[in-house]
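The values are calculated or read from the model by the stated rules, or taken from the named source; none is laboratory data. Every value quoted in this text rests on a predicted model; they were computed, and no experiment measured them. Cβ atoms come from the backbone with ideal geometry, glycine included; neighbour counts cover every protein chain shown. What goes into the accessible areas is simple: the full protein's heavy atoms, side chains included, and nothing from ligands, DNA or RNA. Shrake-Rupley method; radii C 1.70, N 1.55, O 1.52, S 1.80 Å.
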Amino acid sequence: MVTDGDLLHAVVDAIDDGVPVAVATVVRTRRSVPRRAGAKMLVFDDGRQLGTVGGGELEQRVAGAARHALMTGRPVMLDIDLVDPARGDAGVCGGSVSVYVEPIMPRPHVVVIGCGHVGVAVVQLAHWLGCRVTAIDDREDVADPARLGDADVVLAGPLVESVAKAGIDRRSHVVLVTRNVSLDVEVLADVLQTPARTIGVMGSARRWATARAQLAELGVSEEHLARVASPIGLEIDAETPEEIALSILAEIVEGWREQR
């Protein structure tokens with residue numbers, strides 16, 4: 001039997017591992033129902049379920065609502081009757097149940113590629129905003145955990161190898177602030193193969209036009225190239241590394257609203 005303690009530990013583990021999970025809780029019942037107020041069920045991003053709110057059609061509807069909540073990031077209250085399946089009810093117990101479904105989303109993941117002055121500023125601000133931060137640079141002395149103390153993970157060495165280790169998924173925001181076009185081209189060919197939520201490249205429009213042309217010559221499709229935002233960041237006349245980092249993170253935060 002799954003206890004409330006088991007469910008609580010599973011939620012904590014999901015948060016620690018960066019795994020989205022929806023918590024479905026029976027908050028109100030009337031007359032005859034399979035589970036009483038307080039019963040809980042977890043629904044994970046991969047479809048796994050833990051616990052139960054009553055089984056059968058009732059549970060299927062709750063699980064479906066939970067999967068939708070994980071996509072939108074928004075909670076939902078379900079009022080489900082269990083009286084007459086002929087009219088569309090979820091059962092014949094004779095009562096009704098209200099279930100609150102709350103998605104618990106992992107922290108946004110910001111992947112900073114290039115850890116010069118701007119990269120460090122982006123790492124610091126992303127950490128301050130509560131993001132999970134991965135910092136990447138091909139230079140061992142630059143990708144130094146001592147100077148990148150706000151990063152959760154620091155990866156040094158060949159950029160392509162580091163990108164493969166970064167765990168970029170559909171909740172990741174990739175920020176390229178490298179030192180030249182060649183590095184942009186080298187790493188973007190692989191970054192564009194990931195399901196990253198956003199991909200932004202620092203630099204002038206001319207720099208991106210050059211990188212874009214080289215990537216096209218390498219066979220990168222127009223569909224993939226269209227995923228790149230460059231120059232990255234909101235237009236706020238930023239000049240210092242800190243101001244540039246602010247413009248970049250402001251653009252990313254603006255995108256969080258669309259994600260939800």
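Figures for the structure shown
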| read-out | value |
| --- | --- |
| Filter result (touching a residue at least 40 places away in the same chain (Cβ under 8 Å) and in a loop (DSSP other than H, G, I, E, B)) within segment 135-171 | Asp138, Ala166, Gly167, Ile168, Asp169, Arg171 |
| Some residue of segment 201-210 being free of Cβ contacts under 8 Å to residues at least 24 places away in the same chain and touching a Gly at 6+ places or on another chain (Cβ under 8 Å) | no |
| Hits in segment 130-151 - residues which are exposed (fewer than 15 other Cβ atoms within 10 Å of the Cβ) and either under 17 Å from the mean Cα position of the chain (by Cα) or at pLDDT 95 or above (or both) | Gly130 |
| Residue list for segment 34-58, restricted to those being surrounded by fewer than 16 Cβ atoms within 10 Å (Cβ to Cβ) and farther than 18 Å from His68 by Cα | Arg36, Ala37, Gly38, Gly55, Gly56 |
| Candidate set from segment 168-213 (those that are under 14 Å from Pro108 (Cβ atoms) and among the basic types (Lys, Arg)); member that is least open to solvent (accessible area, probe 1.4 Å) | Arg171 |
| Subset of segment 66-80 that is assigned to a helix (DSSP H, G or I), in contact (Cβ under 8 Å) with a residue 40 or more places away in the chain and not polar (S, T, N, Q) - its residue that is surrounded by the most Cβ atoms within 10 Å (Cβ to Cβ) | Ala66 |
| All positions within segment 152-167 that are among the small types (Gly, Ala, Ser) and open to solvent by 20 Å² or more (accessible area, probe 1.4 Å) | Ala156, Ala164, Gly167 |
| Extreme residue, farthest from Ser182 (Cα to Cα), among residues of segment 118-129 that are open to solvent by 50 Å² or more (accessible area, probe 1.4 Å) and in a helix (DSSP H, G or I) | Trp128 |
| Every residue from segment 21-33 that is more than 33 Å from the chain's Cα centre (by Cα) and open to solvent by less than 30 Å² (accessible area, probe 1.4 Å) | Val33 |
| Residues that are open to solvent by less than 50 Å² (accessible area, probe 1.4 Å), touching a residue at least 60 places away in the same chain (Cβ under 8 Å), among the hydrophobic types (A, V, I, L, M, F, W, C) and over 18 Å from Val187 (Cβ atoms), drawn from segment 214-259 | Ile244, Ala245, Leu249, Ile252, Val253, Trp256 |
| Residue that is touching a Pro at 6+ places or on another chain (Cβ under 6 Å) and either hydroxyl-bearing (Ser, Thr, Tyr) or at pLDDT 90 or above (or both), where the choices are Val174, Val163, Val154, Val181 | Val154 |
| Filtered residues of segment 124-144 (kept if hydrophobic (A, V, I, L, M, F, W, C) and under 18 Å from Glu161 (Cβ atoms)) | Ala135, Ile136, Val142, Ala143 |
| Count of residues meeting criterion [part of a loop (DSSP other than H, G, I, E, B), closer than 16 Å to Leu192 by Cα and out of contact with any helix residue (DSSP H, G or I) (no Cβ under 7 Å at 6 or more places or on another chain)] in segment 217-240 | 4 |
